[in-house]
Amino acid sequence: MEEHRDDLASKTGMWLFLFTEMLLFGGLFIVYSVYRYINADAFHLAAHELSVPIGTINTIILLISSATIAMSITAIQKENKKLSLLLLTITVLLGLTFLVNKYFEWGHHIKEGIYPGSSALSLRGHGDVLFYGLYYFMTGLHALHIIIGLIFIGFIARMIIHDKITSDNHVLLENSGLYWHLVDLIWIFLFPLFYLIT
Amino acid sequence: MEHDKGHIIPYRTLLFVVTGLIMLTLISVAVTKIHLGTLTVFTALLIAAIKSAFVLMIFMHLKFETRFFKIMVLAVIAVIGVVIFITLLDYLYR
């Protein structure tokens, strides 16, 4: 049967979707910069309570996972199906590790009574409320993207197992990679803006 | 219709890039220990920008795509940049 496919259109569509994602987070970064400008001191003090080591480790985890999914594309192009699947598995495991770290991080703050709407937080003033509001919302939205990315990669891995994605038909794997890299890209900015303000 | 295998990025390049990205992350953490005043924000964002350039160009394959993709990505980044700039102008000089 004649195959009807347009890889360039598929990739263009994925990029257009990524642009809407970039504008979504871009808007949040604008909110962040304005609130930080108005409440500079409160933002600095509040940021000291975030754990820089955990943030750094999570950054490195995401960077490595981006590299492994990029390598899995190289592997499928070189017709190494097993290696491609192995690299995707590593990507998923790294993504899960990121989420587990995030769980402990959030858990630590929540245990201390610092979460949106808590009485302990509202006692600390407007700047802290804004900082933690943005922290929970932006890292939460980012974590949601990680979860969606992991499900996406899971489907792609299944398609590789069933030979639906092969060395000459791998645009879907590339698109899942693009999505995962975007999630990495957003974290590259979230990390210094929330963890590294001194 | 396009059915080509496309450009293959060697494993070595990807390993090289990820090592660079990790080193830049560690540098950005180390820089916060030095008190540079307002320059701290600037350096943090500069390093983040360099890192994202590597992710976009190599990991996201933009370097090997047609000019069409590059222009689109630059346009979106420019839109976000301009809106942040105008918003901050408003708040700084109101």
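Shown for segment B:1-81 is the translational diffusion coefficient from the Stokes-Einstein equation, using the Kirkwood radius over Cα pairs, a temperature of 25 °C and a viscosity of 0.890 mPa s: 166 µm²/s.
For segment A:1-77, the Kirkwood radius over C-alpha pairs fed into Stokes-Einstein at 10 °C and 1.306 mPa s yields D = 95 µm² per second.
Remark: C-alpha extents of segment A:38-188 on the principal axes read 59, 23, 22 Å, sorted largest to smallest. Orientation-averaged projection of segment A:32-95 equals 5.7 nm² [convex hull of Cα atoms, one quarter of hull surface area]. For chain B, the relative contact order is 22 percent, taking Cα pairs closer than 8 Å that sit 6 or more residues apart in sequence and dividing their mean separation by the residue count.
Given +1 at the Cβ of Lys and Arg, -1 at the Cβ of Asp and Glu and no other charges, the dipole of chain B around its Cα centre is 200 debye to the nearest 20.
Could you work out the relative contact order of chain A, using alpha carbon pairs under 8 angstrom and six or more residues apart, expressed as a whole percent? RCO, chain A: 34 percent. Once the partner protein chains are put back, segment B:14-33 shows a loss of at least 10 square angstrom of accessible area, versus the chain by itself, at B:Leu14, B:Leu15, B:Val18, B:Leu21, B:Ile22, B:Thr25, B:Leu26, B:Ser28, B:Val29, B:Thr32 (probe 1.4 Å, ligands and nucleic acids excluded). For the protein assembly as shown, the solvent-accessible area works out to 49 Å² per residue, with a probe of 1.4 Å and every protein chain left in place. The Kirkwood radius of the protein assembly as shown, taken over pairs of alpha-carbon atoms, gives through the Stokes-Einstein law at 10 °C and 1.306 mPa s a diffusion coefficient of 79 µm² s⁻¹.
Indicate the helices, whole DSSP H runs only, in chain A that combine a mean Kyte-Doolittle hydropathy of -1.0 or more with a Cα extent along their long axis of 30 angstrom or more. What comes out of the filter, once short or polar helices are dropped, is A:7-38, A:52-77, A:81-111, A:126-161, A:171-195. The contact between chain B and chain A removes approximately 4500 Å² from the accessible area (both sides summed; 1.4 Å probe; ligands, DNA and RNA excluded). Segment B:10-82 and segment A:42-74 have Cα centres lying 14 Å from one another. Leaving out ligands, DNA and RNA, and with a 1.4 Å probe, what % of the accessible surface on segment A:84-198 is carbon or sulfur? Carbon plus sulfur share of accessible area: 72 percent.
The values are calculated or read from the model by the stated rules, or taken from the named source; none is laboratory data. Bear in mind that the values here come from a model prediction, so they are computed numbers and not experimental data. Cβ coordinates were reconstructed from backbone atoms using ideal geometry, including for glycine residues, and neighbour counts include every protein chain displayed. Areas reflect the complete protein model, heavy atoms only, side chains present, ligands, DNA and RNA absent. Shrake-Rupley method; radii C 1.70, N 1.55, O 1.52, S 1.80 Å.
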